[in-house]
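The values are calculated or read from the model by the stated rules, or taken from the named source; none is laboratory data. Everything quoted here is computed from the prediction, not taken from an experiment. Note: ideal-geometry Cβ built from the backbone for every residue, glycine included; neighbour counts use all protein chains shown. Heavy atoms of the whole protein, side chains included, go into the accessibility calculation; ligands, DNA and RNA do not. Shrake-Rupley method; radii C 1.70, N 1.55, O 1.52, S 1.80 Å.
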Amino acid sequence: MKLSTKSRYGARILVELARHHATGIPLQVSEIARRQDIPMKYLEQLIRLLRLAGIVRSVRGPKGGHVLNVPPEEISLGRVVRLFEGQDELVECISSPETCIKATSCRFRQAWKEATDALYANLDQVKISDLMDPHS
């Protein structure tokens with residue numbers, strides 16, 4: 001499995017916002033883009049998805065920007081990956097057996113399910129607050 005840049009950049013955006021969470025001061029997309037070396041147009045798309053998911057909120061005005069809407073210790077890496085990858089399973093047949101003609105007799109399906117469950121169990125244990133560098 002290979003995570004998309006959406007998941008990797010999305011997590012970096014959240015860590016950047018988490019660093020400023022206690023201050024309540026909004027960060028502008030240009031500042032996040034500069035600090036995390038993420039192209040601005042791409043970052044704007046990702047911020048939009050984070051807002052729609054209720055993880056980030058926008059603050060309007062001249063000193064506006066974006067802030068976390070959820071404490072960083074309540075945002076799991078699993079939640080971020082699920083949001084940006086658009087699915088919970090490693091293979092589609094786990095939740096939609098009708099997509100595969102061999103789903104009912106497949107000996108791999110259970111193995112894929114167990115691998116998926118293990119992956120997300122681990123990712124759900126890692127919180128955005130765990131990924132913050134204490135020296136930055």
Report yes if some residue within region 14-33 is open to solvent by 60 Å² or more (accessible area, probe 1.4 Å), under 14 Å from I128 (Cβ atoms), in a helix (DSSP H, G or I) and at pLDDT below 95; otherwise report no.
-> yes
Of the numbered conditions (1) closer than 30 Å to L119 by Cβ; (2) open to solvent by 70 Å² or more (accessible area, probe 1.4 Å); (3) not small (G, A, S), L50 fails exactly one; give the number of that condition.
-> (2)
Flagged pairs (Cβ under 7 angstrom, 6 or more apart or on separate chains; first in region 11-35, closer than 16 Å to V80 by Cβ and touching a residue at least 12 places away in the same chain (Cβ under 8 Å); second charged (D, E, K, R) and surrounded by fewer than 18 Cβ atoms within 10 Å (Cβ to Cβ)) are E16/R35
Search result, residues across region 67-98 that are of a type in the set (G, A, S) and buried (at least 17 other Cβ atoms within 10 Å of the Cβ) = S76, G78
Please work out which one of (1) open to solvent by 50 Å² or more (accessible area, probe 1.4 Å); (2) part of a loop (DSSP other than H, G, I, E, B); (3) within 18 Å of D130 (Cα to Cα); (4) not polar (S, T, N, Q) is the condition R8 fails and give its number.
-> (2)
Matching residues in region 36-88 (touching a residue at least 60 places away in the same chain (Cβ under 8 Å) and at positive phi) number 0
Any hit, region 93-105, residues being among the hydroxyl-bearing types (S, T, Y), closer than 21 Å to D133 by Cβ, modelled with pLDDT under 90 and assigned to a loop (DSSP other than H, G, I, E, B) = no
